[in-house]
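The values are calculated or read from the model by the stated rules, or taken from the named source; none is laboratory data. Small disclaimer: the values here were computed from a predicted structure and weren't measured. Neighbour counts run over all protein chains shown; Cβ positions are idealised from the backbone, glycine included. In case anyone asks, the SASA skips ligands and DNA or RNA and just uses the protein heavy atoms, side chains included. Shrake-Rupley method; radii C 1.70, N 1.55, O 1.52, S 1.80 Å.
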Amino acid sequence: MLKMMPPKTFGMRQRPAGLLLACILSWAVFNGMNAAAEALPDRGPDTSDSVAQAFQQKNGSIFVGWPKPQAVVILTGELNGYVEPCGCAGKENQKGGLSRRQNLLRAITNAGWPLVSVDLGNQVRRFGRQAEVKFQSVADGLRDMGYSAVGFGPDDLRLPAEELIAAVAAVGDRETPFVSANVGLLGLDAGITPRFQIVEAGGLTLGITSVLGDQEAKTIRNDSLEMVSAAEALADIAPQMTAANCDHQILLAFTSPAESRRLAEAFPQFDIVVTAGGGDEPPMIPPSLTDETGVLVELGHKGMYAVAVAFFTDAEAAASSALQPVQKSSSGRPFLTQRIPLDARWGESDEMIQLLANYQLQLETLGLKGLRLGTSRHPSGRTFAGSESCADCHSAAYDVWKDSAHASALVTLEEAVPNRDHDPECLSCHVVGWVPQKFEPYEGGFLSRAETPHLAHQGCENCHGPAAAHAAVEAGDVIASEIEQDRLRSELTLDIATPEGRKRAVNNCLECHDLDNSPSFDFDEYWPAVAHPSESR
Amino acid sequence: MRRGPNAWIVAGLAAVVGTTIGGATAVSELLLRPLQIGEVAIVSALPSGPVPRLVTPEVTFDFGRMTVGQKGTHEFAFTNEGETDLELTKGATSCTCTISGLEQNTIPPGETANVKLEWKANPGGPGGDFRQTALIITNDPLRPEVTLTIQGKAFAMWDPFPSGIVFSDLQPDSVVSATAKVITHGVAPPVVKVVRVSQESNVITNPVDQDDDEVARAAEVADSPYFTATSEPLDPSVYEAIPGATGGMLLTVTTVPPLPIGDISNQLEAVFTIPDMRGDASEGGTATPEPPGGWIAKLAVQANVVGPLGVAGANWDSSRDFVRVGSISSATGTQFKLFLTAKGEHRDAVKPVVIETVPASMKVEIGEPSQIGDGVVKRIPISITIPAGSPACNHLGSQLGGLGRIVLETGHPDVPKLTIPVRVAVGP
């Protein structure tokens with residue numbers, strides 16, 4: 001006989017076990033999913049799957065199969081003034097920039113990887129007021145990003161000492177991340193920057209110092225700095241760093257790879273030696289230092305890449321998961337390295353964009369006069385008239401120009417976010433009458449929309465030469481002989497049908513369409529977009 | 001009477017089951033998504049059937065020495081040792097590197113195809129080390145990406161080291177020198193015809209694309225009144241260690257006082273010829289014939305000239321020439337440090353004495369002077385304290401109150417009194 005049974009319920013004694021089962025089951029499902037699908041820090045915080053995947057397939061995947069490291073050191077350097085991709089060739093086609101860098105660091109932190117950020121130095125590459133302002137901005141940015149140690153490059157140290165000190169010195173309770181064993185601002189004993197730093201991450205203690213190479217030091221003529229040889233300085237501080245019982249020691253050596261290797265051999269206590277120089281890009285896998293241990297890290301140029309060195313507790317786990325060889329420190333601790341392209345997969349960081357906007361605002365506030373830009377005479381000795389002066393006689397050519405991107409070049413700077421129409425490094429190729437590669441105006445070149453509106457945009461005279469005298473003669477404002485009139489006309493003729501004319505034209509284009517701003521420039525491909533008839537009305 | 005399940009057994013069982021379910025869910029989600037290159041889950045869940053298997057004998061090629069502008073190519077062999085077709089797709093390349101020879105995107109099992117990388121060594125740029133990469137995407141589950149690397153060293157006709165000369169923090173009466181080396185890569189050491197510093201600067205000439213009339217144009221510009229230049233042949237021991245270098249010159253630039261306070265930007269020029277190089281583009285030399293007037297090496301010469309006394313410190317705002325303290329609380333006060341630097345022939349006479357501070361509560365202590373490096377600059381620390389309990393004041397430089405100040409008697413004959421403006425306000 002089938003007996004009806006009431007639905008089974010847990011009694012008072014059974015109820016806690018049921019609740020426990022439900023809670024633990026939920027917790028375990030949650031944790032199980034997290035453990036299996038823990039996000040790798042392979043993209044910016046707000047980057048979509050499609051964007052991340054597109055740039056993985058374009059510039060390579062990163063952290064493939066890495067387990068969570070005990071600690072990761074992110075190495076950057078040789079920014080050389082490239083605080084952001086300029087966008088001339090499409091920002092998505094360019095690598096580098098502080099904004100993407102911050103998002104990389106943020107992604108690593110969000111993934112729960114204990115992080116130490118270190119920069120080799122050489123934030124700028126030029127000399128003058130703009131470089132000083134830029135250095136200050138980058139130094140602020142590095143502090144905001146939480147850098148633990150930052151070295152000096154030779155271009156940094158050519159800036160006036162008072163500017164350097166204002167940018168790098170400790171402010172209140174906030175210690176400076178800048179460090180140098182052999183360069184002392186106002187003296188090694190002035191205490192403005194420490195000679196080494198000790199930091200901790202993931203239970204590891206890291207000692208970090210930096211040196212400027214002896215050859216590089218010889219190129220600096222600045223009496224407000226005290227410099228000693230790199231080897232002498234390292235011999236001085238090495239015992240102190242060893243006494244700090246660091247698990248690993250990092251040397252930032254701003255010198256050639258060969259000289260960095262020599263320093264590493266002389267001071268084998270350094271597991272990670274970061275060197276300047278080398279190729280445009282870092283190698284895929286950096287070489288070992290000695291005895292197949294340690295690592296010599298190249299960073300490439302212009303801050304387009306970062307390099308990660310991550311320490312692990314378990315060599316086998318790292319080896320079984322990652323698709324790359326596991327390297328070892330001198331103490332035997334396993335580590336993996338990763339070359340990280342700073343491309344659009346990282347997105348933009350609001351804080352760094354704001355920092356760059358403030359930098360642009362400073363340039364605007366200082367103005368060309370405040371930036372102490374020099375002016376030079378145009379090699380021809382002539383002055384500029386503006387593209388509108390060409391329109392009456394060369395109407396067909398003018399119409400082609402008017403419809404080209406050249407005719408709105410300044411607008412692209414004005415409408416950029418942040419706007420860059422007060423930045424000499426941008427203006428020089430977006431207006432008439434500047435020396436493109438020196439970022440300075442010629443005498444009589446563009447100054448501002450208000451003062452020289454006729455010289456806005458990339459105009460006719462940047463290729464043909466200054467035409468004020470020619471325009472004045474043709475307009476009858478100045479009386480000239482027929483011979484003189486012909487001479488002025490011929491001086492502005494650019495005939496690309498001749499080898500000499502073509503070479504002159506191509507070289508002229510390359511002043512702006514250079515590797516940084518127009519890497520795929522090819523004269524024959526680009527010329528049809530601006531090809532214009534030579535005859536005048 | 002039946003007992004309910006043991007709580008510990010339930011907990012353990014739940015943890016195991018839950019973790020398994022969670023892990024399986026996550027893995028299944030990963031497998032259902034499009035291939036995300038590099039995810040460990042893909043590697044651990046390889047298909048069990050036949051797969052392609054890529055074998056490459058090399059992924060890095062060193063070109064060694066190249067002339068700037070010279071084109072180099074190298075073919076990398078891709079062999080499929082798997083059992084199904086190997087599919088190759090171009091990823092990105094570095095800015096000046098191009099992939100060709102990838103017409104055959106599918107490599108059948110057992111066959112080999114070549115991927116050719118082409119590169120033009122630093123066209124329009126200086127010499128130096130180069131490294132360029134190209135990414136190839138494959139359907140080999142164990143090698144979803146292959147990065148090909150080409151590297152080497154490009155040589156221009158001449159390479160400067162450093163690329164310019166900068167004199168920082170000079171005095172108007174400074175007479176100092178600095179040197180730069182120019183390494184040449186012709187068939188013999190250079191013969192220098194002219195070396196000078198011109199008054200105005202132009203673009204640093206690309207040594208490959210130098211115009212024929214570049215030398216004549218440069219000669220039209222007047223000499224700099226602030227610098228002189230000399231040249232001497234570089235000792236062979238200096239350049240012999242540099243691969244491909246065949247000569248060089250040591251250029252020395254010396255300042256000529258009086259120098260104006262501010263920035264100076266001029267240009268060092270060395271016009272030189274290299275024997276037997278006119279029109280010669282033989283291997284080991286330059287790809288471009290020597291211009292009619294000779295080669296012209298141009299280096300920027302820049303200087304920053306300052307007065308005999310300077311102020312430095314984290315709080316010093318050099319753009320506006322004041323000490324930036326801002327608003328502070330009287331309850332806590334503040335303290336910070338500045339440095340006074342003294343340069344020039346009277347530096348040892350500088351012995352600052354405080355004669356006034358505004359606000360009056362600001363305490364200024366002059367420390368012991370010391371020399372920096374070889375003693376050309378003297379450093380004097382200044383400790384500044386606005387103690388807790390200081391009366392409220394506004395010296396922010398607004399309409400409510402002018403800037404505060406520290407006034408020093410310096411002892412310097414040319415600058416006997418120095419006023420250091422201080423932007424500060426003390427509130428409750």
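Just the number, please: buried accessible area between B and A, total of both chains, 1.4 angstrom probe, nearest 100 square angstrom.
Numbers: alone 22500 and 25830 Å², together 41670 Å².
Its buried surface, counting both partners, is about 6700 Å².
Other chains' Cβ within 10 Å of B:260-269 residues: what's the mean?
2
Near B:Asp129, once Lys and Arg are set to +1 and Asp and Glu to -1 for all other residues with Cβ below 13 Å from its Cβ, the sum equals -3.
Electrostatic tally near B:Asp159: other residues with Cβ closer than 14 Å to its Cβ, Lys and Arg +1, Asp and Glu -1, net +3.
Beta-bridge orientation, chain A: approximately 50 percent antiparallel, per DSSP, counting only bridges with both partners inside.
By accessible area, using a 1.4 Å probe on protein heavy atoms only, the protein assembly as shown has 54% of its surface on carbon and sulfur.
Backbone geometry of the range B:252-263 corresponds, through the Karplus equation with coefficients 6.51, -1.76 and 1.60 at θ = phi - 60°, to 3J(HN,Hα) couplings of 10, 10, 10, 6, 10, x, x, 9, x, 5, x, 9 Hz, x marking Gly and Pro. Neighbouring Cβ atoms from other chains, within 10 Å of the Cβ of residues in B:374-381, number 3 on average.
The lysines within cross-link reach of A:Lys68, meaning a Cα-to-Cα straight distance under 20 Å and a gap of 8 or more places when in the same chain, are A:Lys328.
Taking amide H positions as modeled 1.01 Å from N, with prolines and chain starts lacking one, the residues under 5 Å from B:Ser330 and 5 or more places away or on another chain are B:Gly427. Under the criterion of Cα pairs below 8 Å and six or more residues apart, the relative contact order for chain A equals 14 percent. Here the label points at B:Glu368 and B:Glu409, each 7 Å from Cα along the C-beta direction, are separated by 2.4 nm in the simple model. Rounded to the nearest 5, the antiparallel percentage of DSSP beta bridges internal to the protein assembly as shown is 75%. Looking at the square roots a ≥ b ≥ c of the eigenvalues of the Cα gyration tensor of the range B:309-427, which shape do they give, rounded for a/c under 1.5, prolate if a/b is larger than b/c, or oblate? Note, shape of the range B:309-427 comes out prolate. Residues whose amide H comes within less than 5 Å of that of A:Gly294, counting only those at least five positions distant or on another chain, are A:Leu289, A:Lys328, A:Ser329, A:Ser330 (H built at 1.01 Å from N in the peptide plane).
A 1.4 Å probe run over chain A, with the rest of the protein chains in place, finds 42 Å² accessible per residue. Need one word for the range A:398-537: rounded, prolate or oblate. Basis is the Cα gyration tensor (sqrt eigenvalues a ≥ b ≥ c); a/c below 1.5 gives rounded, then a/b vs b/c decides. Oblate.
Let a ≥ b ≥ c be the square roots of the eigenvalues of the Cα gyration tensor of the protein assembly as shown; is it rounded (a/c under 1.5), or, if not, prolate (a/b larger than b/c) or oblate? It is oblate, given that a/c is not under 1.5 and a/b is not larger than b/c. Take every pair of alpha-carbon atoms less than 8 Å apart whose residues are at least six positions apart; their mean separation over the length of the range A:377-529 yields a relative contact order of 23 percent. Give the aspartates and glutamates whose C-alpha is closer than 14 Å to that of B:Lys343, dropping any in the same chain fewer than 8 places away, or say none. Leaving aside aspartates and glutamates fewer than 8 places away in the same chain, those within reach of B:Lys343 are A:Glu162, A:Asp223, B:Asp169, B:Asp173, B:Asp374, B:Asp414. Among the protein heavy atoms, those of B:Ile386 account for about 0 Å² of accessible surface (1.4 Å probe, every chain in place). In this label model, B:Arg65 and A:Leu361 are separated by 5.4 nm, measuring between points 7 Å along each Cα→Cβ vector.
Quick check on my link table: of A:Lys302/B:Lys153; A:Lys402/A:Lys503; B:Lys120/B:Lys193; A:Lys369/A:Lys402, which ones sit more than 20 Å apart, alpha carbon to alpha carbon? Before the final figure, lay out each step's value.
Working: A:Lys302/B:Lys153 18 Å; A:Lys402/A:Lys503 25 Å; B:Lys120/B:Lys193 32 Å; A:Lys369/A:Lys402 31 Å.
With Cα atoms farther than 20 Å apart: A:Lys402/A:Lys503; B:Lys120/B:Lys193; A:Lys369/A:Lys402.
In the context of the full set of protein chains, residues of the range B:309-427 present 46 Å² of accessible surface per residue (probe radius 1.4 Å, heavy atoms only). Here's how it looks for A:Asp119: its modeled amide H is under 5 Å from those of A:Thr76, A:Ala149, A:Val150, A:Gly151, which are all 5 or more places away or on a different chain.
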